[in-house]
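Chemist: Pasting a structure here, questions to come.
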Amino acid sequence: MTTTTAPPPPVLNRRGEDGRVVQQSGLVGSGNLHIINDNSADCAIVVTNGNPSTPQATIYVWGNSEATLSGIAGTYFVYMKTGTDWDEGTLEFTRNRRFEKFDDPFDEQTDWDLSLKPSVTGNATTSDVPAF
């Protein structure tokens, strides 16, 4: 008897469209968040008034790129997903995943610039959070 094994599935390295809002729901406000991704890794920025699993909006930003998310309502929190191989269907990275939250809340009354490059002179702290 001869047995054969199927080759492993190919390793995918899919990317989202730079600056594309991949999910939006809820209230639409006057807030703007300008994201400056000075890292080499792509990220998904999640804006929520509470639970990051039910966000107000999610925007995909390529590494070494910038994008602006407009129409944010109320006081909100910013979460970040990074990783490799973006699955557009699940809005998740499939490998090398990391999840963080900016510790302080933001508000729609101010247009914010959010630089994602760690800096000793920066004024925003982040915390690792469970997958969402």
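Chemist: Pairs under 6 Å by beta carbon, first residue closer than 24 Å to Arg97 by Cβ and touching a residue at least 40 places away in the same chain (Cβ under 8 Å) in the stretch 112-132, partner outside any strand (DSSP E or B) and of a type in the set (D, E, K, R), six or more apart or different chains?
Modeler: The qualifying pairs are Lys117/Asp38.
Chemist: Still on this structure: Within the stretch 31-43, does at least one residue satisfy the condition of being more than 23 Å from Thr82 (Cα to Cα) and within 20 Å of the chain's Cα centre (by Cα)?
Modeler: yes
Chemist: List the residue pairs whose Cβ atoms are under 6 Å apart, where the first residue sits in the stretch 2-27 and is touching a residue at least 40 places away in the same chain (Cβ under 8 Å), the second is of a type in the set (Ser, Thr, Tyr), and the two are 6 or more positions apart or on different chains.
Modeler: Within 6 Å, the pairs are Gly16/Tyr60; Asp18/Ser65; Arg20/Tyr60; Val22/Thr58; Val22/Tyr60; Gln23/Thr58.
Chemist: Which of the residues that make up the stretch 1-57 are assigned to a loop (DSSP other than H, G, I, E, B), surrounded by 13 or more Cβ atoms within 10 Å (Cβ to Cβ) and among the hydrophobic types (A, V, I, L, M, F, W, C)?
Modeler: Across the stretch 1-57, the qualifying residues are Val28, Ala41.
Chemist: As an exercise: evaluate Cys43 against (1) touching a strand residue (DSSP E or B) at 6+ places or on another chain (Cβ under 8 Å); (2) farther than 16 Å from Ala131 by Cβ and give the number of the one condition it does not meet.
Modeler: The failed condition is (2).
Chemist: Looking at Lys117, Lys101 in this structure, which one is assigned to a loop (DSSP other than H, G, I, E, B) and among the charged types (D, E, K, R)?
Modeler: Values: Lys101 fails: assigned to a loop (DSSP other than H, G, I, E, B).
The unique qualifying residue is Lys117.
Just so you know, all these numbers are worked out from the coordinates, no wet-lab data involved. Bear in mind the structure is a predicted one, so any value in this text is a computation, not a measurement. Note that each Cβ is placed from the backbone with ideal geometry, even for glycine, and that neighbours are counted across all protein chains shown.
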